Amino acid sequence: MFFEQNRVLYNESVGGSCFKMGISCNLRFQDALPGQFIMIGIKDCCDPLLRRPFSIHRVVRDIDGIELLYKVVGRSTQKFSLLQKGESVSLMGPIGSGFSIIEEAKRIFMVAGGIGVAPMVFLADFLIAHGADPKNCGLFVGGRAKDDILCVKEFESADIPVFSTTEDGSYGSYGLITSLLTDEIAKDKPDIIYACGPHPMLKSLSRIAAEAKIRCQVSIESVMACGVGACLGCAVCGCEGDEHPFLHVCKDGPVFEADLLKL
Ligand SMILES: Cc1cc2nc3c(=O)[nH]c(=O)nc-3n(C[C@H](O)[C@H](O)[C@H](O)COP(=O)(O)OP(=O)(O)OC[C@H]3O[C@@H](n4cnc5c(N)ncnc54)[C@H](O)[C@@H]3O)c2cc1C
Ligand code: FES
């Protein structure tokens with residue numbers, strides 16, 4: 001893990017309240033794994049004082065940097081959205097466990113809810129670079145409305161079939177992404193499911209995967225203060241019995257086997 005002061009290379013709106021930020025990084029960040037995250041803050045900014053966690057959206061070798069995809073939800077992200085090219089940010093990372101790439105897994109489903117698509121673009125690039133057949137993969141992306149559906153073009157241009165739903169029917173099929181996923185599982189079961197998104201989606205997905213006996217890895221969120229296992233603020237309930245009932249998202253995750261969590 002590295003601490004760095006880095007320059008913003010670009011920071012642009014991608015619609016709704018979401019932005020993409022490119023940040024120059026030490027070359028060592030290019031060894032990051034999909035699913036790992038960074039903690040980022042604005043240099044010399046005391047309000048908010050703490051860095052915030054964000055998944056690595058892409059490692060961009062042409063610019064020697066990484067890209068984040070983020071949604072403005074509060075004070076830090078509001079300030080991030082105003083950053084201009086050349087301004088400084090303070091970065092810590094790459095942190096945590098990434099998604100495990102299973103060589104024998106040929107049919108691969110990725111499931112994203114809203115901004116949970118952020119780590120999936122890096123994951124898809126990584127899978128393809130490691131020999132996955134894009135046509136045998138699928139991205140399932142759901143959101144409340146059209147503005148929540150991001151990155152479809154990136155997956156389509158990589159030849160990955162995309163299935164999308166919105167709760168108001170303004171994009172893709174009407175309804176929840178887990179319904180569409182259940183239909184596709186019934187037609188041709190995947191070897192593994194990777195997911196990131198809101199808690200209710202992950203809970204439902206975890207049950208679907210367990211019933212269909214499909215291995216499932218989920219990237220989960222929790223509010224984080226330190227990002228290094230010191231404050232214990234990111235604890236979630238695990239299934240490993242009474243001796244170690246808690247897992248820490250920053251240190252043990254953020255990616256977990258779904259059946260290890262009490263979702
Ligand atoms: C491992 C990890 C990876 C993440 N990756 C991304 C990403 O790629 N893109 C992205 O947009 N966001 C991501 N997040 C969420 C992001 O960290 C929060 O949106 C951010 O910290 C909010 O900061 P803020 O100061 O703008 O909001 P705050 O003012 O701190 O909070 C605003 C609102 O958001 C809620 N909130 C804050 N942090 C979280 C959180 N971690 N989970 C759920 N709700 C939260 C608060 O309860 C509050 O209601 C990730 C979180 C984790 C733990
Ligand atoms: S954020 Fe401090 S222990 Fe995880």
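What follows draws every value from the coordinates through simple rules; no lab data is involved. This structure is a prediction, so every number in the text was calculated from the model and none was measured. Cβ placement follows ideal geometry from the backbone for every residue including glycine, while neighbour counts extend to all protein chains displayed.
Available extension along the chain between residue 47 and residue 133 is 26.4 nm, counting 0.36 nm per residue and deducting the alpha carbon span. Axis angle, to the nearest 10 degrees, between helix 118-129 and the longest C-alpha principal axis of the chain: 70 degrees. Write down the percent of antiparallel bridges among all DSSP beta bridges whose residues are both part of the chain, to the nearest 5. Bridges in the chain are about 60 percent antiparallel. Calculated FRET efficiency, residue 186 and residue 60, Cβ-Cβ r, R0 51 Å, to nearest 0.05? Rounded to the nearest 0.05, the efficiency is 0.85. Among 61, 51, the ranking by other beta carbons within 10 Å of each residue's beta carbon, starting with the fewest, stands as 61, 51. By the Cβ rule of 4.7 Å, the chain holds the following cysteines without a possible disulfide partner: 18, 25, 45, 46, 137, 151, 196, 216, 234, 237, 239, 250. Just checking the listed ones, 49, 123, 150: in the Gaussian network model of the chain with Cα springs under 10 Å, the one fluctuating most is 49. Once the Cα atoms are used to define both axes, helix 199-212 deviates from the longest principal axis of the chain by about 40 degrees.
The modelled label-to-label distance for the pair residue 207/residue 230, using points 7 Å beyond Cα in the direction of Cβ, is 4.0 nm. Cross-link pairs exceeding 31 Å between alpha carbons, from the set 43/251; 85/135; 43/135; 20/189: 85/135; 43/135; 20/189. Counting only Cα atoms, the size of the stretch 163-263 along its three principal axes is 43, 30, 18 Å, in decreasing order.
With the alpha-carbon atoms of the chain aligned to their principal axes, the span from lowest to highest coordinate is 53, 47, 36 Å, starting with the largest. The trypsin sites (Lys or Arg not before Pro) of the stretch 131-234 that DSSP puts in a loop, and whose beta carbon has at most 12 other beta carbons within 10 Å, are 213. Taking GluC sites (Glu not before Pro) in DSSP loop states with no more than 15 other Cβ atoms inside 10 Å as exposed sites, the chain has its longest site-free stretch at 1-86. Counting 0.36 nm for each residue step from residue 147 to residue 26 and taking away their Cα separation leaves a gain of 40.3 nm.
Rounded to the nearest 10 degrees, what's the angle between the helix 177-187 long axis and the longest principal axis of the chain, both from Cα atoms, 0 to 90? For helix 177-187, the angle is close to 40 degrees.
In Å³ and rounded to a whole number, note down the convex hull volume per residue for the Cα atoms of the stretch 53-139. Provide the component values of the computation, followed by the final result.
Working: hull volume 10.6 nm³, N = 87.
Per-residue hull volume (Cα only) is 121 Å³.
So what is the calculated 222 nm ellipticity per residue for the chain, using -39500 (n - 2.57) for each DSSP H run with n of 4 or more, over all residues, to the nearest 500 deg cm²/dmol? Show your work: numbers first, answer last.
Working: 6 runs with 54 residues, N = 263.
When only DSSP H runs of four or more count, the value is -6000 deg cm²/dmol.
By the Stokes-Einstein formula, at 1.002 mPa s and 20 °C, the stretch 108-209 with its Kirkwood radius over alpha-carbon pairs has D equal to 161 µm²/s.
Computed from the Kirkwood radius of its Cα pairs, the Stokes-Einstein diffusion coefficient for the stretch 1-125 at 4 °C and 1.567 mPa s stands at 87 µm²/s.
Put a dot 7 Å past the Cα of residue 156, heading toward its Cβ, do the same for residue 13, and the two dots end up 2.2 nm apart. Sorting 57, 199, 130, 248 from the fewest to the most surrounding beta carbons within 10 angstrom yields 130, 199, 248, 57.
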